[in-house]
1. What are the principal axis extents of the Cα atoms in the chain, in Å, biggest first?
2. Measure off 7 Å from each Cα along the Cα-to-Cβ vector at residue 6 and residue 22, then give the distance between these two points in nanometres to one decimal.
3. Quick query: amide H of residue 36 versus all other amide H atoms, modeled in the peptide plane; which residues come in under 5 Å with a sequence gap of 5 or more or a different chain?
4. Give the peptides 43-51, 5-13, 22-30 in descending order of average Cβ contacts within 10 Å, highest first.
5. Test of understanding: what is the full-extension gain from residue 37 to residue 52, defined as 0.36 nm times their sequence separation minus their Cα-Cα distance?
6. What value, in deg cm²/dmol to 500, does the helix sum -39500 (n - 2.57) over DSSP H runs of n ≥ 4 give at 222 nm once divided by the residues of the chain?
7. Note down the net charge around residue 35, summing +1 for each Lys or Arg and -1 for each Asp or Glu among other residues with Cβ under 12 Å from its Cβ.
8. If you average the sequence gap of Cα pairs under 8 Å that are 6 or more apart and divide by the length of the chain, what percent do you get for the contact order?
Amino acid sequence: MVQMKKRTRADKGKRRSHHALVAKTINKCPKCAKPVAPHTACSFCGTYKTKSTVTTKANKAK
Ligand SMILES: [Zn+2]
């Protein structure tokens, strides 16, 4: 394969303008204040949006 046309610095820059990494969003659990991914039940206490939903090891012991 042969390169058809030279890519200029500007072409490269334009293409790579979309390559920046974005930091992940981390929320705090309203109950135990542990870091939780958004739209996810807390893995520690099982709370989702202030409601207890999932039974976890820490939950079950009580
Ligand atoms: Zn929690």
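Laboratory data are not the source of any read-out in this text; all were calculated from the coordinates shown. Keep in mind it's a predicted model, so treat the numbers as computed, not measured. Here the Cβ is made from the backbone with ideal geometry for all residues, glycine too, and neighbour counts use every protein chain on show.
1. Per principal axis, max minus min of the Cα coordinates gives 68, 24, 14 Å.
2. Computed distance between label sites residue 6 and residue 22 equals 3.6 nm.
3. The answer is 27, 28, 29.
4. In descending order of packing, they fall as 43-51, 22-30, 5-13.
5. Roughly 3.8 nm would be gained on extension.
6. When only DSSP H runs of four or more count, the value is -4500 deg cm²/dmol.
7. Net local charge, residue 35 excluded: +3.
8. Normalised by residue count, the contact order of the chain is 17 percent.
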